[in-house]
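S.K.: Mind looking over this structure? Questions follow.
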Amino acid sequence: MNYYSAIDGLRAIAVISVILYHLDFSIISGGYVGVDIFFVISGFLITQSIREDIKKQNFSIYNFYIKRIRRIVPALFFVVLITTIFSFFILPINELIEFSKSVFSVSSFSSNIFFWRHLDYFSAASELKPLLHTWSLGIEEQFYIIFPVFMLVTSNVKEKLIIFWIIIILILSFLISVSPLGIEHPGANFFLPVTRFWELLVGSLLAFLIRYSIDKNKILNNFISIFGLILVISSIVFLTKNSVFPGVNALATVFGTALIIFTSNGGSSFLSVVLSNKYIRYIGLISYSLYLWHWPIIALSKNSIFGGFDITVKCLILVIIFILSVFTYMFVEQPFRTRQSFKRFLKIKNGILALISLSIISASILLYIHKTEHIKIFGSQGIGTSCFKKNETLESTMKCSFGDKDSKKIFLLFGDSHAMALYPAFKKIAFQNGWRGISATFSGCPSLFGVYREDGIGNAKNCTGVYSENVKTFIIENKKNIDMIFLVSRWRLYEKGWIKNGRLQDATHFLSDTENNSKNAIDSSKVLRKSFIGTVNKISEELSIMTNILVSVPTLPVHINKFKERNILKKDYINQRQFIDKIFYIVDNKPLVNVLDPINILCKTSVCNVYYKNKPLYSDDNHVSREGALYLSPLLQEAFDKWEAK
């Protein structure tokens, strides 16, 4: 196969743009298109390789996959293994659980599907996922499963007909990406192969047309290559994370890359000479290792360093990325591609075993987490979800109890993931005061009676009947034994709905009851008000149990690790809770009701603290971290003091 040295230069542009974009260099606002450059290059090189092997009559699917495994698996295995080790010590438990699950998807080259289901690529939270970047490998490997078979099946078909079918499939893939369906589902449009294959197929088409290049006409060749570069650079500089992508906005990058490759045949264009510079080419040669290493290092750094990177940290990260990439290229990539002993060892079976071993390590981490108490600190399941799936007794709830489990003084922690996040503080206070706490918590389910989530997505189906009604029955049956109840929820979520990146999510979290089916935030807020007052009255007046209601902490504008400030304005916090405060005011003066407000702890001046002694009080944009929970423990102590004083 002909070697195009300029392609290594193109790889250098691609990987540098991706790295600088992920390091938040503002001038590279569209640097994510570097991945699209890689797609075109991959489609071109793979098609050329298969065509030449077919012409020589020595192409086989088996040999094709051996080559792919030798190219992809060694460095991928090494980077994921090291990333897993560091993630175990750096990531919080809930993030480690998700990371371990993502390792499974990497092992099966389906991480694009995993992250499509769990994430928005351009969201702040995505910047903390160490293996997010492997989504592009998933796209390429899924292409490699289908395209070689297509080439083999059509090997005896006329070339013009093959080109015709490539163009048809390419156009269909592109049309899906720009269709209303694609625009309405930006996550699927970004991550799924059906809207990405056209980019690789542009490279495939180029492999058939490259022989028609006009390298003998230097003036025209130079003009086309420079025009291609302008298209690529303009995308890197002018696109932003808010641009609709892929689709029409990917055209400039894809066809600009194709033009540069097209004019590099023969190496006669000025741009081809520049891209063939040995230093630029070396960056291209190690681009796979650079791509693999850059994101885990950046993501783990963002999990460790709060408040953003300054220029010194960014430069240090660049140095670390480069050193590790050179090492990986020299001692991991190259041996398996050039040394016969390594090549003989790495057959398909051993490559698959290497990937399976990553899954085994990941499964071991998950098993370890579930066998320790750490899972109870905070996570998607949290402490206590083994309880209240059925009717419970004081004895059966021992498995979700904490503090002094032998104490006759009992309180119930009733709430959603905000209650889970505060578990470290409740556990501390329970031990200090000699109380037994019982956790009745379920993510996404408010601490209210008689409501259900209208969206019916995820945990929503468990929010009523299965969960809250069982909690209600438990409280009624044990009213003489339960001394206090804490109602802890992300109240604003059920008032306004789940807004993410300015869009209302499918899992709206709108609340409905038997009389009202909420279709919008106004409806949901009415149901919230009615059910909240009803729940508080039921517990405090009918059952005569002291009821403590915790006001939600401020919601940050972005994830804590993207938040550049050290605090937020107190007036903004007050504005967030206007509706909820009015409801709380209705019940605050009742004899057995206490409203616990964190404003006096978090917001002692005109601003509210987000950090304490350089430690973040949040784990994302709305949940408190372990440090944040413990910081608020004096607020919880107030409730216990009032109970003792009654």
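The values are calculated or read from the model by the stated rules, or taken from the named source; none is laboratory data. On a predicted model such as this, the values are computed, not experimentally measured, just so you know. With ideal geometry, Cβ positions are generated from the backbone for all residues, glycine too; neighbour counts draw on all protein chains shown. Side chains are part of the model used for accessible areas, which takes the heavy atoms of the whole protein and leaves out ligands, DNA and RNA. Shrake-Rupley method; radii C 1.70, N 1.55, O 1.52, S 1.80 Å.
S.K.: Can you give me the C-alpha center-to-center distance between segment 148-184 and segment 390-455, rounded to a whole angstrom?
M.R.: Cα centroid to Cα centroid, the span is 56 Å.
S.K.: What are the extents of the Cα atoms of segment 576-635 along their three principal axes, in Å, largest first?
M.R.: Extents along the principal axes: 39, 22, 22 Å.
S.K.: Taking only pairs that are 8 or more places apart or on different chains, how many Lys pairs in segment 556-634 have Cα atoms under 19 angstrom apart?
M.R.: Lysine pair count for segment 556-634: 11.
S.K.: Enter the accessible area of R566 (Å², nearest 10), with the probe set to 1.4 Å and all protein chains included.
M.R.: Approximately 110 Å² of R566 is accessible to the 1.4 Å probe.
S.K.: Also, quick follow-up: Counting pairs of Cα atoms in segment 218-309, how many percent are more than 23 Å apart?
M.R.: Details: 1858 of 4186 pairs.
When all Cα pairs of segment 218-309 are counted, 44 percent exceed 23 Å.
S.K.: How do 10-21, 145-156 rank on mean C-beta neighbours within 10 Å, highest first?
M.R.: Details: 10-21: 24.2, 145-156: 14.9.
Sorting 10-21, 145-156 by mean packing, highest first, produces 10-21, 145-156.
S.K.: Ordered by residue, what ³J(HN,Hα) values in Hz, to whole numbers, does segment 40-47 give under the Karplus form 6.51 cos²θ - 1.76 cosθ + 1.60, where θ = phi - 60° and Gly and Pro are x?
M.R.: Along segment 40-47, the couplings run 5, 4, 4, x, 5, 5, 5, 5 Hz.
S.K.: Another question, then. Would you mind putting 538-551, 617-630 in packing order, based on average other-beta-carbon counts within 10 Å, highest first?
M.R.: Details: 538-551: 19.7, 617-630: 21.3.
Going from most to least packed, we get 617-630, 538-551.
S.K.: I've got another one for you. To two decimal places, what compactness ratio does segment 545-615 give when its Cα radius of gyration is scaled by 2.2 N^0.38 Å?
M.R.: Details: Rg = 14.0 Å, N = 71, 2.2 N^0.38 = 11.1 Å.
Here the answer is 1.26, to two decimals.
S.K.: While we're looking at this one, here's another question. In sequence order, what are the phi-derived ³J(HN,Hα) couplings for segment 186-200 according to the Karplus relation 6.51 cos²θ - 1.76 cosθ + 1.60 with θ = phi - 60°, rounded to whole Hz, with x for glycine and proline?
M.R.: Running phi through 6.51 cos²θ - 1.76 cosθ + 1.60 with θ = phi - 60° gives x, x, 5, 4, 6, 9, 8, x, 4, 9, 10, 4, 4, 5, 5 Hz.
S.K.: Which of the lysines could a cross-linker bridge to K278, judged by Cα under 23 Å and excluding same-chain residues fewer than eight apart?
M.R.: K218
S.K.: Let me check the size of segment 219-266 from its C-alpha atoms; what are the radius of gyration and Dmax in Å?
M.R.: Spelled out, the Cα radius of gyration and Dmax of segment 219-266 are 11.7, 39 Å.
S.K.: Taking 0.36 nm per residue of sequence separation and subtracting the Cα-Cα distance, how much length would be gained by fully extending the chain between S234 and I356, in nm to one decimal?
M.R.: 39.8 nm
S.K.: Something else: Which FRET efficiency, nearest 0.05, do K479 and N242 yield, Cβ-Cβ r, R0 56 Å? If you can, show how the numbers build up before the last one.
M.R.: On the way: r = 53 Å, r/R0 = 0.95.
The computed FRET efficiency comes out at 0.60.
S.K.: Taking H as built 1.01 Å from N, whose amide H comes closer than 5 Å to the amide H of L239, not counting residues under 5 places away?
M.R.: Excluding prolines and chain starts, which carry no amide H, the hits are G30.
S.K.: Residues with amide H under 5 Å of Y612's amide H, sequence separation 5 or more or different chain, H placed in the peptide plane at 1.01 Å from N; which?
M.R.: The answer is L617.
S.K.: Would you kindly derive the ³J(HN,Hα) couplings of segment 431-441 from the backbone phi angles with the Karplus curve 6.51 cos²θ - 1.76 cosθ + 1.60 (θ = phi - 60°), listing them in order in whole Hz, with x for Gly and Pro?
M.R.: 5, 4, 9, x, 10, 9, x, 10, 9, 10, 10
S.K.: Would you mind working out the magnitude of the charge dipole of the chain relative to its Cα centre, with +1 at each Lys and Arg C-beta and -1 at each Asp and Glu C-beta, to the nearest 20 Debye?
M.R.: Roughly 1360 debye, rounded to the nearest 20.
S.K.: Same structure, new question: If you consider only alpha-carbon coordinates, what radius of gyration and Dmax does the chain have, in Å?
M.R.: 28.7, 95
S.K.: To continue, here is another question. Non-local amide H neighbours of N548 (under 5 Å, H modeled in plane, Pro and chain starts lacking H): which ones?
M.R.: Residues meeting the criterion, in which the H sits 1.01 Å from N, are I485, F486, L487, N594.
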